[in-house]
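These notes concern the structure reproduced below.
The values are calculated or read from the model by the stated rules, or taken from the named source; none is laboratory data. It should be emphasised that the depicted structure is a prediction, and the values quoted were computed from it without experimental measurement. Here Cβ is always computed from backbone atoms with ideal geometry, including for glycine, and neighbour counts include all displayed protein chains.
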Amino acid sequence: MTSEQIPNRVLLFDGVCNLCNGAVQFIIKRDPDGLISFTSLQSETGQSLLKKSGLPTDRFDSFVFIEDRQVYTKSTAAIKVFRHLRG
């Protein structure tokens with residue numbers, strides 16, 4: 001994956017977590033312009049982004065938000081995501 005292929009804003013989430021999937025659906029409904037892209041932490045893309053960010057690739061207990069090549073985790077990631085949402 002090249003840097004040109006990485007969306008400007010991407011949220012990595014635990015793809016097997018029902019709460020995480022619910023949060024993703026919540027975000028999608030409030031992001032009508034599609035500003036945020038999504039990938040699961042377990043996916044090939046997610047694993048690649050975690051490696052590039054120096055984050056563990058075997059722990060899936062947090063959201064990770066990458067915006068303008070800056071990496072945010074946990075509550076900071078949530079705050080960064082929510083500032084892009086409507087409603």
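Below are the figures for this structure:
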| item | result |
| --- | --- |
| Those residues of region 29-40 which are under 10 Å from L85 (Cβ atoms) and either touching a Pro at 6+ places or on another chain (Cβ under 6 Å) or of a type in the set (V, I, T) (or both), in sequence order | I36 |
| Qualifying positions in region 9-64 - more than 14 Å from A77 (Cβ to Cβ) and either basic (K, R) or at pLDDT below 90 (or both) | K29, R30, K51, K52, R59 |
| Complete set of residues in region 14-60 that are of a type in the set (D, E) and surrounded by 11 or more Cβ atoms within 10 Å (Cβ to Cβ) | D14, D31 |
